[in-house]
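Taking it in order: structure first as structure tokens, then the write-up.
We did not get these values from a lab; they are worked out from the coordinates using the rules stated. Nothing here was measured: the structure is a model prediction, and the numbers come from that model. Methodologically, a virtual Cβ is constructed for each residue, glycine included, from the backbone with ideal geometry; neighbour enumeration extends over all protein chains shown.
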Amino acid sequence: MSANESPAGRPPTATYDSPFLKACRREPVPHTPVWFMRQAGRSLPEYHKVRAGIPMLESCTRPELVAEITLQPVRRHHVDAAIYYSDIVVPLKAIGVDLDIKPGVGPVVEKPIRTRADLAQLRDLTPEDISYVTEAVGLLTAELGATPLIGFAGAPFTLASYLVEGGPSRTYENAKAMMYGDPELWADLLDRLADITAAFLKVQIEAGASAVQLFDSWAGALSPADYRRSVMSASAKVFDAVAGYGVPRIHFGVGTGELLGLMGEAGADVVGVDWRVPLDEAARRIGPGKALQGNFDPTVLFAGTEVVETKAREVLDAAAGLEGHVFNLGHGVMPKTDPDALTRLAEYVHTRTAR
Ligand SMILES: Cc1c2[nH]c(c1CCC(=O)O)Cc1[nH]c(c(CCC(=O)O)c1C)Cc1[nH]c(c(CCC(=O)O)c1C)Cc1[nH]c(c(C)c1CCC(=O)O)C2
């Protein structure tokens, strides 16, 4: 089933006619929908208040706290969608991988995966491992009403980059060494991660998420040939696994200008674009039949209202001929961003595109 159809045999959901889901389905919208990657979290004082003293990964296992943090940016910015508060490494932690999120650093893995024996760290993810996700999504959909909740997961390549490197990297030399040097081990690692990722997304959708985003944040490190040969089929496996639900599937990465066509081909209904490629050019690279999401440079939010509005207008002008456009940043909200600048940006897009 494509994302254009209401799920067969199920009543239309409360969120079905929301501007966000309509734009994902490339239907006419009353205004361009807006949400911001990383809208929940460190830019918001109310986040710091409720998170005080609670480690990041622990916060992800407390349903009421998850619901509160997810709702904070919706209340404040009046965005058109919520994104589930969690992290891409949560499913790995849930199956027992020894890892932590270090403040100011990111995910750090105690025993990096470098050999076939290390793969034993990755068992299948079951719904029981993440019952707190089911509970939190249930709380959220009840609270959100007609506002869609976006579920998400890390794509196999981006998860593998943390698991093989042992932490954040700029060059991914260990991950790429495995990809080039031991393609069979690499393929098995990505295949296992695809199953874990698919299971994580299914739990979110079955609990009520209206759309899902697959974050392949670091795929931009790859050439198109390497992406096609060594990564694409694992991401396609994830998209295929959730295709039957009929919820829009968004695919996003940073610095992926050369990969946009392939990332669409992997099975996305919506392709996320960073700020390096204008949306009209991105649409040419992606081809027909997909909506686009993006692509406001998050650093522009530090430049003052006038510049923000000029740059937002440029994004909207480039998107004018698209079949479906979801306004977003080209990457996540930066921690020092003034939240009021985000509220004003959401309002500007709504007003400027009101039809
Ligand atoms: C690569 C990646 C990660 N996590 C994620 C990605 C893909 C998105 C992207 O490309 O930005 C995804 C993610 N992580 C988080 C969300 C929350 C939902 C939202 O977008 O609002 C989402 C969607 C919460 C978080 N994830 C993290 C925080 C900060 C934790 C804190 O408050 O200390 C939050 C709110 C930690 C994290 N987790 C990760 C990083 C790089 C960091 C930042 C490390 C740092 O600079 O301190 C891994």
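Annotations for the structure displayed:
- Note, ³J(HN,Hα) from phi for region 306-315, Karplus 6.51, -1.76, 1.60, rounded to Hz, x at Gly and Pro: 4, 5, 4, 5, 4, 6, 5, 5, 4, 4
- Model label sites at Tyr180 and Ala120, defined 7 Å from Cα along the beta-carbon direction, differ in position by 3.1 nm.
- Max mean-square fluctuation residue, GNM over the chain, Cα-Cα springs under 10 Å, options Ala243, Ala320, Ala52: Ala52
- Legend: calculated FRET efficiency, Arg284 to Ala320, from the Cβ-Cβ distance at R0 = 22 Å, rounded to 0.05, equals 0.95.
- Gaussian network model of the chain, Cα within-10 Å springs - most flexible of Gly264, Gly145, Gly53: Gly53
- GNM on the chain, alpha-carbon springs under 10 angstrom: the most fluctuating residue among Glu58, Glu323, Glu165 is Glu58.
- Restricting attention to the chain, the count of lysine pairs at 8 or more positions apart or across chains with alpha carbons under 15 Å apart stands at 4.
- Relative contact order (percent, whole number), the chain, Cα cutoff 8 Å, 6+ residue spacing: 22
- Building the convex hull from the alpha-carbon atoms of region 39-286 and averaging its projection over directions returns 12.8 nm².
- Once the C-beta distance of Arg170 and Glu258 is scaled by a Förster radius of 30 Å, the resulting FRET efficiency is 0.95 to the nearest 0.05.
- On full extension, the segment bounded by Ala187 and Glu135 gains 15.4 nm, given 0.36 nm per residue less the C-alpha separation.
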